[in-house]
Amino acid sequence: MSITANQVKELRDMSGVGMMECKKALVETDGDINKALDLLRANSSLKAEKKASRVAADGQLKISINSDYVSLIEINSETDFAAKDKQFKTFASDVAKYLESTKVHLVNDLNEQFLQERHALIQSIGENIQLRRLKTLDVAVGGSIGTYIHSDGKLAALVSIDTDNQELAKDLAMQVSATNPSGLTSEDIDSEMLARERAIYRAQAEESGKDKAIMEKMVEGKVKRFLSEVTLVTQGFVKNPELTIQELLDENNASVIEYVRFKIGEGIEIESKDFAAEVAEQLKS
């Protein structure tokens, strides 16, 4: 059966899959558009499953703002090239628009909602695409949520405060983005992290050869300085380092309820490849 260019274009518009794949599906289904679409979806799912094991550590962050909540979503691709693709950007915008009107707390629920669209995108651009992380903060009664997203879409933060002060909340979101605090207060710092730092400081103090009492003061001084750097409320305000975040909050009669910071790909282990060896392996096969 002869397949026309209009049929291929129609299926391409419906599926988002490449022209050659669309023509092949139409040939296999004797030009039946609906059957061809089902075939493409089935093939897309199979290919998506194979590609899901590939590392996707690039991509884009999106912030969705609703009057009652704000959501931050990380959408991953394998390369920055794919993240700049028009189809990827459209997909990311569609996800963000959905979150503007629908409150979602679990990323698995979002993945289920966009399963077909994600598989079609994988099929079209040939890279693993993942909705990896999602955080939704509810706007507190009488409070506000500040947002910050870097111009490249790779770093973003949300900060919820108990005061209706959007400017302060935005400044705090910028602070969190810039300094990446490990906790709101010292009580929030991971005990294992603190123990490791203390062990390092103690080893350094012992090398000084000073008596035990002085060494303990040295260790505690370094621990205190470490906590001031990694704890949000004790950090110096990036716009005025002489002012701590706690002092800034006190000036505005405000408290931080919760914050979140995402950086694209953080925590994903990327395998280091030997390019020459990879090329040799491909030639061999």
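Highest GNM mean-square fluctuation, the chain, Cα pairs closer than 10 Å: which of Phe91, Phe114, Phe81? Ranking Phe91, Phe114, Phe81 by mean-square fluctuation puts Phe81 first.
Measuring nothing but how far apart in sequence close Cα pairs (under 8 Å, 6+ apart) lie, relative to its length, the chain scores a relative contact order of 17 percent. For segment 113-217, what class follows from the C-alpha gyration tensor (a ≥ b ≥ c being the square roots of its eigenvalues): rounded when a/c is under 1.5, otherwise prolate if a/b is larger than b/c, else oblate? It is oblate, given that a/c is not under 1.5 and a/b is not larger than b/c. Over segment 123-175, Cα pairs under 8 Å with separation of 6+ residues give a relative contact order of 33 percent.
Calculate, in nm to one decimal, what Val107 and Ala5 gain on full extension: separation in residues at 0.36 nm each, minus their alpha carbon distance.
On the way: separation 102, 0.36 × 102 = 36.72 nm, distance 3.90 nm.
Length gained, Val107 through Ala5: 32.8 nm.
Recomputing Rg and Dmax of the Cα atoms in Å from the coordinates shown identifies the correct label among [x] 25.3, 92; [y] 18.0, 56; [z] 19.9, 59 as [x].
What is the extension gain from Lys97 to Glu167, computed as 0.36 nm multiplied by their sequence separation minus the C-alpha to C-alpha distance, in nm to one decimal? Don't jump to the answer; show the numbers that get you there.
Numbers: separation 70, 0.36 × 70 = 25.20 nm, distance 2.42 nm.
Between Lys97 and Glu167, full extension yields an extra 22.8 nm.
On full extension, the segment bounded by Ser67 and Ser191 gains 41.0 nm, given 0.36 nm per residue less the C-alpha separation.
Looking at the square roots a ≥ b ≥ c of the eigenvalues of the Cα gyration tensor of segment 168-209, which shape do they give, rounded for a/c under 1.5, prolate if a/b is larger than b/c, or oblate? It is prolate, given that a/c is not under 1.5 and a/b is the larger ratio. A probe of 1.4 angstrom, applied to the heavy atoms of all protein chains, finds Glu28 with accessible area near 110 square angstrom.
Please find the FRET efficiency linking Lys86 to Glu258, where r is the Cβ-Cβ separation and R0 is fixed at 41 Å, and quote it to the nearest 0.05.
Rounded to the nearest 0.05, the efficiency is 0.75.
Helix 19-28 and the longest principal axis of the C-alpha atoms of the chain enclose an angle of approximately 50°.
Its Cα centre serving as origin, segment 101-159 has a Cβ charge dipole (Lys and Arg +1, Asp and Glu -1) of approximately 140 debye.
When nucleic acids and ligands are ignored and a 1.4 Å probe is applied, Asp30 ends up with an accessible area of around 110 Å². In the assembled protein chains, Met20 presents an accessible area of approximately 150 Å² (probe radius 1.4 Å).
Using only the Cα atoms of segment 168-279, build the gyration tensor, take square roots of its eigenvalues as a ≥ b ≥ c, and label the shape rounded, prolate or oblate: rounded if a/c is under 1.5, else prolate if a/b is larger than b/c, else oblate. Verdict is oblate for segment 168-279.
Net charge dipole, the chain: roughly 760 debye, given to the nearest 20, about the Cα centre with Cβ charges of +1 for Lys and Arg and -1 for Asp and Glu. Per-residue 3J(HN,Hα) values for segment 215-227, derived from phi via the Karplus relation 6.51 cos²θ - 1.76 cosθ + 1.60 with θ = phi - 60°, read 4, 5, 5, 5, 5, 5, x, 5, 5, 4, 5, 4, 5 Hz in sequence order (x marks Gly and Pro).
In the elastic network of the chain, a GNM with C-alpha springs shorter than 10 Å, the most mobile of Lys210, Lys224, Lys84 is Lys210.
If you place +1 on the Cβ of every Lys and Arg and -1 on the Cβ of every Asp and Glu, how big does the dipole about the Cα centre of segment 130-202 come out, in debye to the nearest 20? List each step's numbers first, then the result.
Details: 8 positive and 11 negative charges, 89 e Å.
In total the dipole reaches around 420 debye.
The values are calculated or read from the model by the stated rules, or taken from the named source; none is laboratory data. Given the structure is predicted, the values throughout are model-derived calculations rather than measurements. Backbone-built Cβ (ideal geometry, glycine too); neighbour counts: all protein chains shown. With ligands, DNA and RNA removed, areas are computed over all heavy atoms of the protein, side chains included. Shrake-Rupley method; radii C 1.70, N 1.55, O 1.52, S 1.80 Å.
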